[in-house]
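The values are calculated or read from the model by the stated rules, or taken from the named source; none is laboratory data. All values reported here derive from a predicted model rather than from experimental measurement. Because the Cβ atoms are built from the backbone with ideal geometry, glycine has one as well, and the counts that use them run over all protein chains shown.
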Amino acid sequence: MDSYHWALHSHVTLVAASGVLFSVRGIAVLAGAPWPMRRAVRMTSYGIDALLLAAGVALLLLLRLDPLATGWLATKLGLLVLYIVAGSLALKRAPNRTVRVASYLAALLCFGLMVSVAVHHGARAL
C-alpha cells in the first residue's frame, strides 16, 4: 500500500474512532457518569485525535494542498475549530446542562458536516 492510501485509510479509521468515542463520552457525561472524564479515557481520546491530525497533515503534504486556498479543506478546518469548541463545552466547560446538551448537538452537527464535506469532495474527485 502506498503512502497516500495508508494515510487515507488511517485518517478515515481514526475519524470513525474519534467520532464514536466522542459520541459515547458525550452521552455518558450528559447522563452524569464519571468515567468519560477519567484520565485514561481522556488520554485515549487525545491520542486518537493526535494521530488523526497527523494522518490529516500527512494527506495534506502528500497531496500538496494549500488548506486556505482549497475550499472544501478550508471548510473542514473551520468546522474542526467549531467542533473542538462545542465538544469542549459539551464535555466539561459548559456552565449548565442546557448549554452542555446544545453544545453536544452542535459538536455532532459539525462532525457530521465535516464527514459530509469529505465524502462529497471524494465523490466529486472520482
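Filtering the range 76-105 to residues that are crowded, with 18+ Cβ neighbours inside 10 Å and part of a helix (DSSP H, G or I) leaves 76, 79, 83, 86, 87, 89, 90, 91, 100, 103, 104.
Yes/no matrix, rows are residues, columns are (1) at pLDDT 95 or above; (2) more than 18 Å from the chain's Cα centre (by Cα):
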{"residue": "39", "(1), (2)": "yes, yes"}
{"residue": "43", "(1), (2)": "yes, no"}
{"residue": "47", "(1), (2)": "yes, no"}
{"residue": "61", "(1), (2)": "no, yes"}
{"residue": "103", "(1), (2)": "yes, no"}
{"residue": "106", "(1), (2)": "yes, no"}
{"residue": "119", "(1), (2)": "no, no"}
{"residue": "122", "(1), (2)": "no, no"}
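For the range 89-104, a residue qualifies if it is out of contact with any Phe, Trp or Tyr (no Cβ under 6 Å at 6 or more places or on another chain) and in contact (Cβ under 8 Å) with a residue 12 or more places away in the chain, and the qualifying residues are 89, 91, 92, 97, 100, 101, 103, 104. Number of residues in the range 32-51 that are free of Cβ contacts under 8 Å to residues at least 24 places away in the same chain and either polar (S, T, N, Q) or exposed (fewer than 10 other Cβ atoms within 10 Å of the Cβ) (or both): the value is 5.
When residue 68 is tested against the conditions (1) surrounded by 17 or more Cβ atoms within 10 Å (Cβ to Cβ); (2) modelled with pLDDT under 95, the lone failure is (1).
Looking at residue 67, is it over 15 Å from the mean Cα position of the chain (by Cα), in a helix (DSSP H, G or I) and of a type outside the set (Asp, Glu)? It is false that residue 67 is over 15 Å from the mean Cα position of the chain (by Cα), in a helix (DSSP H, G or I) and of a type outside the set (Asp, Glu).
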